[in-house]
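A short worksheet on the structure shown next.
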Ligand SMILES: [Zn+2]
């Protein structure tokens, strides 16, 4: 259940963002998470609701976008999308194992709606 720890980190970041007296209440927080982070969005959203927050964050909703896991073949250059992280890390085109992860490791707050 590392979602709770990660969500606590997000709340800590947001609390710093809203610390300034010029900013108002947060409506929505957009988060992008790559598949390699092994996040269950529902657990994270529940955690976000349950973690005590300041007044400005109380009503905020956490929107989570899961980004696919993509690998790029170092042999033929093809980019393949892996359906899940238990798949073998091999090129979908030439089956080479010499692949590099191009997407799937993200963990970013991409927007805050006030
Ligand atoms: Zn290939």
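The values are calculated or read from the model by the stated rules, or taken from the named source; none is laboratory data. What you see is a predicted model, and the numbers here were worked out from it, not measured in a lab. Every residue, glycine among them, receives a Cβ derived from its backbone with ideal geometry; neighbour counts consider all protein chains shown.
Considering the stretch 16-30 alone, what residues qualify as being over 21 Å from the mean Cα position of the chain (by Cα) and either surrounded by 11 or more Cβ atoms within 10 Å (Cβ to Cβ) or in contact (Cβ under 8 Å) with a residue 40 or more places away in the chain (or both)?
Residues satisfying the conditions are 23, 24, 25.
Could you check, for the stretch 32-45, whether at least one of its residues is farther than 28 Å from residue 71 by Cβ and either surrounded by fewer than 20 Cβ atoms within 10 Å (Cβ to Cβ) or at pLDDT 95 or above (or both)?
Yes, because at least one residue in the stretch 32-45 is farther than 28 Å from residue 71 by Cβ and either surrounded by fewer than 20 Cβ atoms within 10 Å (Cβ to Cβ) or at pLDDT 95 or above (or both).
For the stretch 63-83, how many residues are within 9 Å of the ligand (Cβ to nearest atom) and either more than 16 Å from residue 95 (Cβ to Cβ) or in a loop (DSSP other than H, G, I, E, B) (or both)?
5
Which condition breaks for residue 41 when tested against (1) within 16 Å of the ligand (Cβ to nearest atom); (2) closer than 22 Å to residue 3 by Cβ?
(1)
Give 107, 89 a once-over and let me know the one that is on the phi < 0 side of the Ramachandran plot and touching a helix residue (DSSP H, G or I) at 6+ places or on another chain (Cβ under 6 Å).
107
Select from the stretch 1-15 the residues that are more than 16 Å from residue 57 (Cβ to Cβ) and exposed (fewer than 13 other Cβ atoms within 10 Å of the Cβ) and write down the one among them that is modelled with the lowest pLDDT.
Ranking the candidates gives 1 first.
Among 96, 103, 80, which is the only one that is in contact (Cβ under 8 Å) with a residue 60 or more places away in the chain and in contact with a strand residue (DSSP E or B) (Cβ under 8 Å, 6 or more places away or on another chain)?
103
For the subset of the stretch 84-104 comprising residues that are in a loop (DSSP other than H, G, I, E, B) and more than 9 Å from the ligand (Cβ to nearest atom), which member is surrounded by the most Cβ atoms within 10 Å (Cβ to Cβ)?
My answer is 104.
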